[in-house]
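Have a look at this one.
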């Protein structure tokens, strides 16, 4: 049972702090590393894989330090986010090359290619691959030595829906087998479909950790803000503010709209059309004004 431990890890590049004093433990099963773009996920994964030294703190795999530990690398498979590959090679040649680095050969490469369903294109040059195909051949390369720890940085980028489902099924099976699988994403729905345990990173800091359902409930229960335009904003505001689902309303004269803060998402979404109908008010625009992942994570940090 493989366990990856990150202990008070920071990493900075000059004056830029990419990862700031993060501590977490990644155990067997599938863990999602969730955070907006630029949160420090890739830097953290590179330190987990031994590609990058922490500025402070330690990364260990089953008690052994990862950085500059060649023996540990044989237990780690990584799918990096970057697209740069050896485009002049065929898919098979690329996977065989990685197999040979681990003292393995053609048989291991063929098994890995079959696992990701890339045999049909294995003799084509990587330069002819779509982005999704590149992702799958990188996955084959990461699996060729049968690692106990698998690290995937935004693995679903560029995949079509069928490819995404295939990869999700594969990662679930690996988690069920007892492997330690960590994948990063900035897309909430990807994490929700695959990982029950998540680690949330915001602006290089560790924002939340634990069961996905509990953290998702925090996200759902946070105040929601909407921009609402109607045929009679003042009458609509008076009707909405009387309901406990609405905690505040501001008339934005510049926008010609209402800025509404709702504390009970489910109740408010049912209330708004009903109030408009009962008062003969036409709703012209109803749009969320803080639904970005950054705003969700900012709420988590403050929670």
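The values are calculated or read from the model by the stated rules, or taken from the named source; none is laboratory data. Predicted model, so just to flag it, every value in this text is computed and none were measured. For neighbour counting, all protein chains shown are included, and Cβ atoms are generated from backbone atoms with ideal geometry for every residue, glycine included.
Looking only at region 75-130, count every residue that is within 24 Å of residue 181 (Cβ to Cβ), in contact with a strand residue (DSSP E or B) (Cβ under 9 Å, 6 or more places away or on another chain) and exposed (fewer than 15 other Cβ atoms within 10 Å of the Cβ) and tell me the total.
1
Please tell me if residue 67 is more than 21 Å from residue 180 (Cα to Cα) and either part of a loop (DSSP other than H, G, I, E, B) or assigned by TED's automatic domain parsing to the domain that holds residue 203 (or both). Talk me through it step by step, then tell me what you get.
Numbers: more than 21 Å from residue 180 (Cα to Cα): no; either part of a loop (DSSP other than H, G, I, E, B) or assigned by TED's automatic domain parsing to the domain that holds residue 203 (or both): yes.
So residue 67 fails the test.
Scanning region 217-245 for residues that are at pLDDT below 90 and assigned to a strand (DSSP E or B), which turns out farthest from residue 197 (Cα to Cα)?
227
Can you confirm whether residue 60 is in contact with a strand residue (DSSP E or B) (Cβ under 9 Å, 6 or more places away or on another chain), over 23 Å from residue 187 (Cα atoms), in contact (Cβ under 8 Å) with a residue 12 or more places away in the chain and not in a loop (DSSP other than H, G, I, E, B)?
So residue 60 fits the description; yes.
Provide a single number: the residues in region 73-112 that are in a helix (DSSP H, G or I) and within 25 Å of the chain's Cα centre (by Cα). Give the derivation first.
As a first pass, look at region 73-112 and keep what is in a helix (DSSP H, G or I): 73, 91-101, 106-112.
Now restrict to residues that are within 25 Å of the chain's Cα centre (by Cα): 73, 112.
Residues in region 73-112 being in a helix (DSSP H, G or I) and within 25 Å of the chain's Cα centre (by Cα): 2 in total.
Among what's in region 190-211 and is buried (at least 21 other Cβ atoms within 10 Å of the Cβ) and part of a helix (DSSP H, G or I), pick the residue that is modelled with the highest pLDDT.
194
Restricting to region 5-52, give me the number of residues that are assigned to a strand (DSSP E or B), buried (at least 21 other Cβ atoms within 10 Å of the Cβ) and in contact (Cβ under 8 Å) with a residue 60 or more places away in the chain.
Matching residues across region 5-52 total 9.
Which condition number in (1) surrounded by 15 or more Cβ atoms within 10 Å (Cβ to Cβ); (2) in contact with a helix residue (DSSP H, G or I) (Cβ under 8 Å, 6 or more places away or on another chain) is the one that residue 251 fails?
Of (1) surrounded by 15 or more Cβ atoms within 10 Å (Cβ to Cβ); (2) in contact with a helix residue (DSSP H, G or I) (Cβ under 8 Å, 6 or more places away or on another chain), only one is false for residue 251: (1).
I've got another one for you. Please specify each residue of region 135-170 satisfying the condition of being modelled with pLDDT of 90 or more, surrounded by fewer than 21 Cβ atoms within 10 Å (Cβ to Cβ) and assigned to a helix (DSSP H, G or I).
Listed by number, the residues that qualify are 168, 169, 170.
Right, next: Starting from residues that are out of contact with any strand residue (DSSP E or B) (no Cβ under 7 Å at 6 or more places or on another chain) and buried (at least 17 other Cβ atoms within 10 Å of the Cβ), keep the ones in region 273-293 and report whichever is modelled with the lowest pLDDT.
Once the filter is applied, the top-ranked residue is 293.
Here is a further query. Of all residues in region 61-74 being in contact with a helix residue (DSSP H, G or I) (Cβ under 9 Å, 6 or more places away or on another chain) and either farther than 21 Å from residue 100 by Cα or at pLDDT 95 or above (or both), which is surrounded by the most Cβ atoms within 10 Å (Cβ to Cβ)?
By that ranking, first place goes to 66.
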